[in-house]
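Structure, as structure tokens:
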Amino acid sequence: MKIVKGNKVKVEYEGKFDNGEIFDSSKHGEHSHPLEFVVGKSQVIPGFEEAVIGLKKGDEKEIKLESEEAYGNYDSTLKREIPKEVIPEGQEIKEGMIIVMQTPEGYKLPARIVSISDDSFTIDLNHPLAGKKLIFNIKVIDVEENNDQ
């Protein structure tokens, strides 16, 4: 059965940067934790979702995604300077640390601290993989009709 939108798929994968450095994998030591998603529901990045359409159980494929097909382009307007006074007393912050910001509507957004000065710090709300080309090796483990549509 070839994968079409609406199918529930289970894949093993390995994600690498252009330089070959692995940033994510469904294999952790001896164990595999396949990724399950419904094609067409935007549960994974667009290029990954498109790549499995037409494959069958057992198929393997290497895909190269531009940033637009993955986590988007890097947006410098998503950097914000924040006064240190918003940090609860006693809480320490460090460069590279991920903090969770809450919008007035109650949405929670992860933000990475990119720099710290005497009275403020700068956060970056871009996804850590924004602006990067990604390479994925995918192996389809299972395909099934999705009755939950």
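Every number in this text was worked out from the coordinates using simple rules, so none of it is lab data. Bear in mind the structure is a predicted one, so any value in this text is a computation, not a measurement. Virtual Cβ from ideal backbone geometry, glycine too; neighbours counted across all protein chains shown.
Near Ile93: Cβ cut-off under 12 Å, other residues only, Lys/Arg at +1 and Asp/Glu at -1. The net charge is +1. Cross-link reach is defined here as a Cα-Cα straight distance under 22 Å, omitting same-chain residues fewer than 8 places apart; for Lys94 the lysines meeting it are Lys79, Lys84, Lys108. Taking Cβ atoms as reference points and 10 Å as the exclusive limit, the residues near Ile53 contribute a net charge of 0, counting Lys and Arg as +1 and Asp and Glu as -1.
Counting charges near Phe121 (Lys, Arg +1; Asp, Glu -1) among other residues having Cβ under 13 Å from its Cβ returns a value of -2. Would you mind pulling out the separation of the Cα centroids of region 7-58 and region 98-149, in Å? Cα centroid of region 7-58 versus Cα centroid of region 98-149: 17 Å apart. Relative intensity of region 25-115 on a log10 scale, I(q)/I(0) at q = 0.13, 0.20, 0.25 Å⁻¹, equals -0.74, -1.12, -1.36, per a Debye sum over C-alpha point scatterers of equal strength in the absence of solvent. Look at Met97, Met1 and count the other Cβ atoms within 10 Å of each Cβ; fewest to most, that gives Met1, Met97. Only aspartates and glutamates eight or more places from Lys132 in sequence, or on another chain, were considered; those with a Cα closer than 13 Å are Asp18, Glu21, Glu66, Glu68, Glu69, Asp75. A Förster distance of 25 Å, applied to the separation of the beta-carbon atoms of Glu60 and Met101, puts the FRET efficiency at 0.05.
Charged side chains reduced to their Cβ positions (Lys and Arg at +1, Asp and Glu at -1) give the chain a dipole of some 460 debye around its Cα centre. For the chain, the longest piece that avoids every one of the chymotrypsin sites (Phe, Trp or Tyr not before Pro) found in DSSP loops with at most 15 other C-beta atoms within 10 Å covers 1-73.
For the options Lys94, Lys139, Lys16, a Gaussian network treatment of the chain with springs between C-alpha atoms closer than 10 Å singles out Lys94 as fluctuating the most.
For the chain, set up a GNM with springs between Cα atoms under 10 Å and report which of Gly15, Gly90, Gly72 has the largest fluctuation. In this elastic network of the chain, the residue with the biggest mean-square fluctuation among Gly15, Gly90, Gly72 is Gly90. Within straight-line reach of Lys10, meaning a Cα separation under 15 Å, sit the following aspartates and glutamates at least 8 residues removed in sequence or on another chain: Glu36, Glu49, Glu50, Asp59, Glu60, Asp142, Glu144, Glu145. Rounded, prolate or oblate: pick one for region 76-124, where a ≥ b ≥ c are the square roots of the eigenvalues of its C-alpha gyration tensor, a/c under 1.5 means rounded, and failing that, prolate if a/b is larger than b/c, else oblate. It comes out oblate by the Cα gyration axes.
Fewest to most neighbouring Cβ within 10 Å: what's the order for Ile98, Ile113, Ile123?
On the way: Ile98 10, Ile113 17, Ile123 22.
So the ranking, lowest neighbour count to highest, is Ile98, Ile113, Ile123.
Would you calculate, for the chain, the mean residue ellipticity at 222 nm contributed by helices, counting each DSSP H stretch of 4 or more residues as -39,500 (n - 2.57) and dividing by all residues, to the nearest 500? Helix contribution divided over all residues of the chain: -1000 deg cm²/dmol.
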